[in-house]
4 protein chains.
Amino acid sequence: MTMASNTLQSRYTAVRGRSVALAAPLSPEDCSAQSMPDASPTKWHLAHTTWFFETFVLEAHEPGFAPFAPAFRVLFNSYYNGVGAKHPRPQRGLLTRPALHEVLAYRADVDARMARLLSTVAHGAALCALIELGLQHEQQHQELMLTDILHLLSCNPLFPVYAAACDVVPPPVAATLTWHSFDGGLIEIGHKGEGFAFDNEGPRHRTYLHPYALASRLVTQAEFAAFVEGGGYQNPMLWLAEGWDWRAAQGLNHPLYWHRVEGEWYCFTLAGLQPLEGDQTVVHLSYYEADAYARWAGARLPTEAEWEHAAAQGADPVAQLFGVAWQWTQSSYAPYPGFRVAAGAVGEYNGKFMVNQYVLRGSSCATPPGHARLTYRNFFPATARWQFTGIRLARDLG
Amino acid sequence: MTMASNTLQSRYTAVRGRSVALAAPLSPEDCSAQSMPDASPTKWHLAHTTWFFETFVLEAHEPGFAPFAPAFRVLFNSYYNGVGAKHPRPQRGLLTRPALHEVLAYRADVDARMARLLSTVAHGAALCALIELGLQHEQQHQELMLTDILHLLSCNPLFPVYAAACDVVPPPVAATLTWHSFDGGLIEIGHKGEGFAFDNEGPRHRTYLHPYALASRLVTQAEFAAFVEGGGYQNPMLWLAEGWDWRAAQGLNHPLYWHRVEGEWYCFTLAGLQPLEGDQTVVHLSYYEADAYARWAGARLPTEAEWEHAAAQGADPVAQLFGVAWQWTQSSYAPYPGFRVAAGAVGEYNGKFMVNQYVLRGSSCATPPGHARLTYRNFFPATARWQFTGIRLARDLG
Amino acid sequence: MTMASNTLQSRYTAVRGRSVALAAPLSPEDCSAQSMPDASPTKWHLAHTTWFFETFVLEAHEPGFAPFAPAFRVLFNSYYNGVGAKHPRPQRGLLTRPALHEVLAYRADVDARMARLLSTVAHGAALCALIELGLQHEQQHQELMLTDILHLLSCNPLFPVYAAACDVVPPPVAATLTWHSFDGGLIEIGHKGEGFAFDNEGPRHRTYLHPYALASRLVTQAEFAAFVEGGGYQNPMLWLAEGWDWRAAQGLNHPLYWHRVEGEWYCFTLAGLQPLEGDQTVVHLSYYEADAYARWAGARLPTEAEWEHAAAQGADPVAQLFGVAWQWTQSSYAPYPGFRVAAGAVGEYNGKFMVNQYVLRGSSCATPPGHARLTYRNFFPATARWQFTGIRLARDLG
Amino acid sequence: MTMASNTLQSRYTAVRGRSVALAAPLSPEDCSAQSMPDASPTKWHLAHTTWFFETFVLEAHEPGFAPFAPAFRVLFNSYYNGVGAKHPRPQRGLLTRPALHEVLAYRADVDARMARLLSTVAHGAALCALIELGLQHEQQHQELMLTDILHLLSCNPLFPVYAAACDVVPPPVAATLTWHSFDGGLIEIGHKGEGFAFDNEGPRHRTYLHPYALASRLVTQAEFAAFVEGGGYQNPMLWLAEGWDWRAAQGLNHPLYWHRVEGEWYCFTLAGLQPLEGDQTVVHLSYYEADAYARWAGARLPTEAEWEHAAAQGADPVAQLFGVAWQWTQSSYAPYPGFRVAAGAVGEYNGKFMVNQYVLRGSSCATPPGHARLTYRNFFPATARWQFTGIRLARDLG
């Protein structure tokens, strides 16, 4: 991949600026707290995405490289063992220093150095690809910033508001659910190799699909409320055994962020506590909950190949592919045939997580515009609920 | 499936008798203890397999059915929610009553009633199939009896002996490891529908395989010792991230049951503590360890389709398919296309475990003779080490 | 202390024989299981008390000493760091080997060697004192055998019976509760130095008591049921903060072993499940529950000095001092002024537990006859419920 | 207690102002984070101490009372069950809202209302006593602010500095340790009833002391380093059994905040990481560590009555009574004879913590000037290390 310098620079500026903009409604305290080990403070996201450019781009390519602050190399490493030590993940919220303004200064410094690097004449495809990887990486963290902030604010009994509803909650959709059939057969999925993709999206390869049908839209909050009120959380026959034990151990009876107030359902959102809107897509479901709902509805979750094959044929029959909710598939996150991890530390990006996680397809209302793709493979453990995760139903045919 | 009554009766007698024989070398105390939540007491296995026949066969088919002891319905239910309450699994070792001799009396009673039932004229295919399911179920528990006893005895610093080595440890195999290539393509796997199979083995279906190679034999203890001594347990780049965290949290540096005594490796077996035999197949590995070893060896684990496709072509090129060690595959345990769970309580047998487990193929030295099949799908979580689990290496071709 | 050999021998025989008699109603399985880390298997008690004589008496005094089984030195050490390694306490229930009959053989062997030692002419006061300590130690374990068996059987939904009620449940007592006043002043408590006592009972020393009153008897099950049904377990103002958190975390609403069956209270005892007898003394209470009840009753728990001072004046005004239930005092278990630990390993007997435990006085229905004393200091953590622990109320005067 | 309004007002202003001054060196992030459940965020301390005045003083005495923010009643309640619900303690660090500036506004509002209340003519002894209790309560939290901040900063690998060493680290003291004897006898301890005291300091009462000796000063860092380097943390015979298990489970080998850097000891302090100063008093010790050191030194910890009796005779023989380090006593925290809890919610202040805690006497370098007293009873669990806790040795005499 090559790209004109000025194009890459303007893309760099846009993506990097969006991260800072997402943090703008937040106080320094908001940006520093960590509500659970799975989530990270906003400040940490802002620093870690900067660390990525400093460590993987500047250190290798900047003449006379010197780190902005040597201690940041450890503090803001996430999981790259090839790069050295890292701060324990569950303690990221204790890093009250550096302060938010210092992290913003770190960003400004790295951005200035990146601009200098980009303005020099000779930088080839490999460097451009690495920078693009850094920007895609930052976009992933932009989604996490929103989901992590939502989780943090949900722990506050004051139900704080991050932004106005019109900015952060997608409009309800009231279409009738219909089913669309696909013949399957010997098809191909995976990234072709043009344009950016993460390593886990390739290689493009053949796979065989049996005939199947997909639902035209995602499951709504009203539909899921029927499952809740019909005793879906109390019937073990609907659940995977592990899901049932997980549900029971935590005493769960409804989706994350749902609250029952004086006989009515409410949902905590980035716009604060809102009455449950039935036509809205249900989100914040674990794999277990999605699977149990599908069984209750006489359906199942799609495989990722089914999803991609249907999606490749266009959004006409199958709507809400992107921009609403990540869609759980029944596919365990595994390497595609012929998958090779990238050389060096960035090779730790994807491959080492290929166990006990499930693939989600599409994208959500929190995904940065332009970030998702037909071949994009998001993945989370079956217990994850704090992402914008929903349900696309599937069925066997014939 | 139908079967002459006397044939079924003699098979019933043989399988049921083998369970009691396996317990013969053990004291009442040995049979009653539970060494970890994943394992069960021998006495519990003896009772639960009997409960299966009483609950699913006699209760439905025996005229004037009355339970041997009503309390056993709860005590010896494993996980069938459709049947009612169950005793908490981690507390099975506290059931010192009923005593071993009472459980043996329970077995004798059910066996006598089953014999009466089998001697009556009219019993059709459905009943025969249910009885065969009970016998296959009992054979699965026979393997668990051995693995659970091994684990229990391993917790005793006296290193007790269950049986002579010649009876319980397979002879070492010293063949050179060679690679055998397979073209793949559009093939079929899964059970055809003739003879007994568990529901999870079907339906037989098409799948597409890319060219691959399989190792001619399983990894040996000497080969794995080279990984151990070459720092394999200390290098995070070889491990799945989750596997590395699991390894570190438990401080693991070698396979389960290996002991370092005065500079030499020993292995605890059903025949007691034995010097490590290099030509023996390495067993008692978790998925994480198997995967890390494969990466270290420049290979990978096979998929279950690759394994079955190769195995279907005969044991000539690919040896040690059965009777030595279960072979981890990189395939997550998931329903085959078109899979339907059986109706009723026995439908809880397999389908509800299809999450966060990995498929193992073949069979082990502890598997009852005649129990395994080409299409057999064993499954365990990635952390499981107390089964006889080993490594068959695979590679991409072309 | 000195004692004629034949007297000591007959006492040795009687005490040692009682341990075996207590185990007689139990199966090998019953004797081998461990229901929680705080409890030990009967078999372990039988072996450990034997280990005490072998380690502290025979090893030092038997000519040509050789251990019965070298491995037992580690297996049956409880907590004597001075003696060497020990088997992890929570894993005592996994020691299915040695079998019960082997432990009984161990007892017989040590008893025979002890008899030989006792029959030799020259053994002085120090040796006699050590043997007496071993016998007192064994009597302590006899009480634990009963409490631990009760706990084990309570985990079995079959509610097994250990013995007939007439043998193990003290008869109900229906006296009216009256209050008896004591002036206090500068008094003395602690053991005088004649006859056997544990090191923690001395030295006898002065202490100052303010005027106080003690209840004439222990709290009954009917009285405690009034607390339960009056919301005592739901009112945080009655509880110590730590007790309230403990109660809430475990969801406790009544004493250990109480069951509500169709609107009536039952209590699990060594004689099986029995209807709650109101005039019976309430037992199996933690310190927290005892303290909360006392506050609810407008009283408090006595100090150990108050208890001993009152008890020294005879059982006339203050009944149920011994043989019914251990009585929680508000005194933290601490060394008396001038306390010195004994030299050598037996010095680990008492002193090292003097933190975060509370003193109980008197004795219970499970205490061996003749074992308790006016100055006896039993001690358990505030959470302990599985002992026969009850409540003697006290009040300030003047 | 009565006091001229203007005196009370000026005292109120001084104490309240000091809390804000202590927070001045900290960023909003620093003030919002919680490093462990035992510690609280600075912001929470600032709000909770304000809540105390609003809830216990203004609500009862202010005409037309309306809360500053109704939600704060729950958010900033610590443990007063009588007042209603409370935010879960381990989640105080997630309260990023209200922001620090809002909490400071809350303080200003309550201070203004308190000033109005104090300026009115009629307020009697009970109200003055309640206000004084609020000020003493705030001073206690001022010490916690410093210890909690130290703990938070210690979790940051950057070793941040709170203040210059001259302001927060007491100067080293190099006196020789000498022993001072006390006859004991029938003496009195406890608060007499003049001037302010917490309820747990009374009533003043008689107690009997045996002859004892106290060390002239506290144990130094050099002395404790000799214990560390002499294997004190590796010898179980020096430790209480519970202390040894605690030490082993956490792998502790030295006091909290000590670091070994290139063969030298350093200590993390409010002034950052500092080389260990041998003549400085050792602090941040648990009860277990203090007790083990005392045993190693052939001494013991004093009882609280011994400490108070000696301290009452003046600091001449026994130095470092106040202002250096809290001194562990071997006295469990228990009610004095005749102790009665105060009526109402403030009665939850002390009495409900009287279990499984140990009394500390004196005061530390972090205690506000003028806060401590001869009769002051501080208390913490035996595991607490993050306070400024040190060792005064004692010995039996005669």
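The values are calculated or read from the model by the stated rules, or taken from the named source; none is laboratory data. Just so you know, these numbers come straight off a predicted model, no measurement behind them. For neighbour counting, all protein chains shown are included, and Cβ atoms are generated from backbone atoms with ideal geometry for every residue, glycine included.
Residue B:47: surrounded by fewer than 22 Cβ atoms within 10 Å (Cβ to Cβ), assigned to a helix (DSSP H, G or I) and not β-branched (Val, Ile, Thr), yes or no? Judged against the criteria, residue B:47 is not a match.
What are the residues in region C:279-295 that are more than 14 Å from chain D (Cβ to nearest Cβ) and either of a type in the set (Asp, Glu) or part of a helix (DSSP H, G or I) (or both), if any? Even if it seems obvious, please write down each step before you answer.
At the first step, the residues of region C:279-295 found to be more than 14 Å from chain D (Cβ to nearest Cβ) are C:279-285, C:293.
Scanning region C:279-295 gives C:279, C:293.
For region A:300-352, enumerate the residues that are small (Gly, Ala, Ser) and without any contact (Cβ under 8 Å) to a residue 12 or more places away in the chain. I'd like the intermediate steps shown before the answer.
First, pick out the residues of region A:300-352 that are small (Gly, Ala, Ser): A:305, A:310-312, A:314-315, A:319, A:323, A:325, A:331-332, A:334, A:338, A:342-345, A:347, A:351.
Of everything in region A:300-352, those that are small (Gly, Ala, Ser) and without any contact (Cβ under 8 Å) to a residue 12 or more places away in the chain turn out to be A:314, A:315, A:343.
Let's see how each residue does on (1) within 14 Å of residue B:155 (Cβ to Cβ); (2) surrounded by 14 or more Cβ atoms within 10 Å (Cβ to Cβ); (3) modelled with pLDDT under 95:
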{"residue": "C:68", "(1), (2), (3)": "no, yes, no"}
{"residue": "C:78", "(1), (2), (3)": "no, yes, yes"}
{"residue": "C:82", "(1), (2), (3)": "no, no, yes"}
{"residue": "C:87", "(1), (2), (3)": "yes, yes, yes"}
{"residue": "C:94", "(1), (2), (3)": "yes, yes, no"}
{"residue": "C:97", "(1), (2), (3)": "yes, yes, no"}
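Answer with yes or no whether residue A:62 is acidic (Asp, Glu), surrounded by fewer than 22 Cβ atoms within 10 Å (Cβ to Cβ) and touching a Leu at 6+ places or on another chain (Cβ under 7 Å). Yes: the conditions hold for residue A:62. Among residues of region A:260-274 that are more than 15 Å from residue A:146 (Cβ to Cβ), those with a beta-carbon under 7 Å from a residue that is surrounded by fewer than 20 Cβ atoms within 10 Å (Cβ to Cβ) and among the hydroxyl-bearing types (Ser, Thr, Tyr) at least six positions away or on a different chain give the pairs A:267/A:257; A:273/A:266; A:274/A:266.
Taken as a whole, the condition of being among the aromatic types (Phe, Trp, Tyr), within 14 Å of another protein chain (Cβ to nearest Cβ) and either touching a Leu at 6+ places or on another chain (Cβ under 9 Å) or buried (at least 17 other Cβ atoms within 10 Å of the Cβ) (or both) applies to residue A:246. Filtering region A:117-152 to residues that are out of contact with any helix residue (DSSP H, G or I) (no Cβ under 9 Å at 6 or more places or on another chain) and part of a loop (DSSP other than H, G, I, E, B) leaves A:122, A:124. Considering region C:356-382, the residues that are in contact with a Phe, Trp or Tyr (Cβ under 6 Å, 6 or more places away or on another chain) and hydroxyl-bearing (Ser, Thr, Tyr) include one that is farthest from residue C:333 (Cα to Cα), namely C:364. Every condition in (1) modelled with pLDDT of 95 or more; (2) of a type in the set (S, T, N, Q); (3) farther than 22 Å from residue B:149 by Cβ is met by residue C:34 except one, and the failing one is (3).
Taking the options B:39, B:14, name whichever one is without any contact (Cβ under 8 Å) to a residue 40 or more places away in the chain and not β-branched (Val, Ile, Thr).
Working: B:39 fails: without any contact (Cβ under 8 Å) to a residue 40 or more places away in the chain.
Residue meeting the stated conditions: B:14.
Residue-level check: of (1) farther than 22 Å from residue D:287 by Cα; (2) surrounded by fewer than 15 Cβ atoms within 10 Å (Cβ to Cβ); (3) more than 14 Å from chain C (Cβ to nearest Cβ); (4) free of Cβ contacts under 8 Å to residues at least 40 places away in the same chain, residue D:156 misses just (2).
Condition check ((1) of a type in the set (A, V, I, L, M, F, W, C); (2) more than 12 Å from every other protein chain (Cβ to nearest Cβ)) across all residues:
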{"residue": "D:37", "(1), (2)": "no, no"}
{"residue": "D:43", "(1), (2)": "no, no"}
{"residue": "D:56", "(1), (2)": "yes, yes"}
{"residue": "D:67", "(1), (2)": "no, yes"}
{"residue": "D:83", "(1), (2)": "yes, no"}
{"residue": "D:103", "(1), (2)": "yes, no"}
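Condition check ((1) of a type in the set (A, V, I, L, M, F, W, C); (2) under 19 Å from residue C:330 (Cβ atoms)) across all residues:
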{"residue": "C:159", "(1), (2)": "yes, no"}
{"residue": "C:190", "(1), (2)": "no, yes"}
{"residue": "C:196", "(1), (2)": "yes, no"}
{"residue": "C:221", "(1), (2)": "no, no"}
{"residue": "C:224", "(1), (2)": "yes, yes"}
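Just one of B:281, B:303 is hydroxyl-bearing (Ser, Thr, Tyr), buried (at least 20 other Cβ atoms within 10 Å of the Cβ) and more than 11 Å from residue B:390 (Cα to Cα); which is it? Walk me through it before giving the result.
Working: B:281 fails: more than 11 Å from residue B:390 (Cα to Cα).
B:303 is the lone residue from the list that is hydroxyl-bearing (Ser, Thr, Tyr), buried (at least 20 other Cβ atoms within 10 Å of the Cβ) and more than 11 Å from residue B:390 (Cα to Cα).
Restricted to region D:162-217, and to residues there that are within 14 Å of chain C (Cβ to nearest Cβ) and of a type in the set (Val, Ile, Thr), the residue that is farthest from residue D:320 (Cα to Cα) is D:207.
For region D:69-81, which residues satisfy the criterion of being more than 14 Å from chain C (Cβ to nearest Cβ), within 24 Å of the chain's Cα centre (by Cα) and not aliphatic (A, V, I, L, M)? Scanning region D:69-81 gives a single hit, D:76. Taken together, the criteria exclude residue C:129 from residues that are at pLDDT below 90 and under 27 Å from the mean Cα position of the chain (by Cα). The single residue among B:233, B:287, B:266, B:257 that is among the hydroxyl-bearing types (Ser, Thr, Tyr), in the same structural domain as residue B:392 (by TED's automatic domain parsing) and farther than 30 Å from residue A:352 by Cα turns out to be B:266.
When residues in region A:323-346 are screened for being buried (at least 18 other Cβ atoms within 10 Å of the Cβ) and over 30 Å from residue B:211 (Cα atoms), 4 of them pass. Being surrounded by fewer than 16 Cβ atoms within 10 Å (Cβ to Cβ), under 22 Å from residue B:101 (Cβ atoms) and touching a Phe, Trp or Tyr at 6+ places or on another chain (Cβ under 9 Å) is a condition met by at least one residue of region C:21-39.
Does at least one position in region B:179-195 carry a residue that is within 30 Å of residue B:11 (Cα to Cα), within 21 Å of the chain's Cα centre (by Cα), loosely packed, with under 15 Cβ neighbours inside 10 Å and in the same structural domain as residue B:308 (by TED's automatic domain parsing)?
Residues of region B:179-195 within 30 Å of residue B:11 (Cα to Cα): B:189-195.
When the remaining residues are screened for being within 21 Å of the chain's Cα centre (by Cα), the result is B:189-191, B:195.
Right, trim to loosely packed, with under 15 Cβ neighbours inside 10 Å and you get B:195.
Still in the list and also in the same structural domain as residue B:308 (by TED's automatic domain parsing): B:195.
Checked against the condition, which is being within 30 Å of residue B:11 (Cα to Cα), within 21 Å of the chain's Cα centre (by Cα), loosely packed, with under 15 Cβ neighbours inside 10 Å and in the same structural domain as residue B:308 (by TED's automatic domain parsing), region B:179-195 yields at least one hit.
Report, by residue number, each residue of region B:315-341 that is among the small types (Gly, Ala, Ser) and within 11 Å of another protein chain (Cβ to nearest Cβ). I'd like the intermediate steps shown before the answer.
To start, the set of residues in region B:315-341 that are among the small types (Gly, Ala, Ser) comprises B:315, B:319, B:323, B:325, B:331-332, B:334, B:338.
Passing the criteria: B:331, B:332, B:334, B:338.
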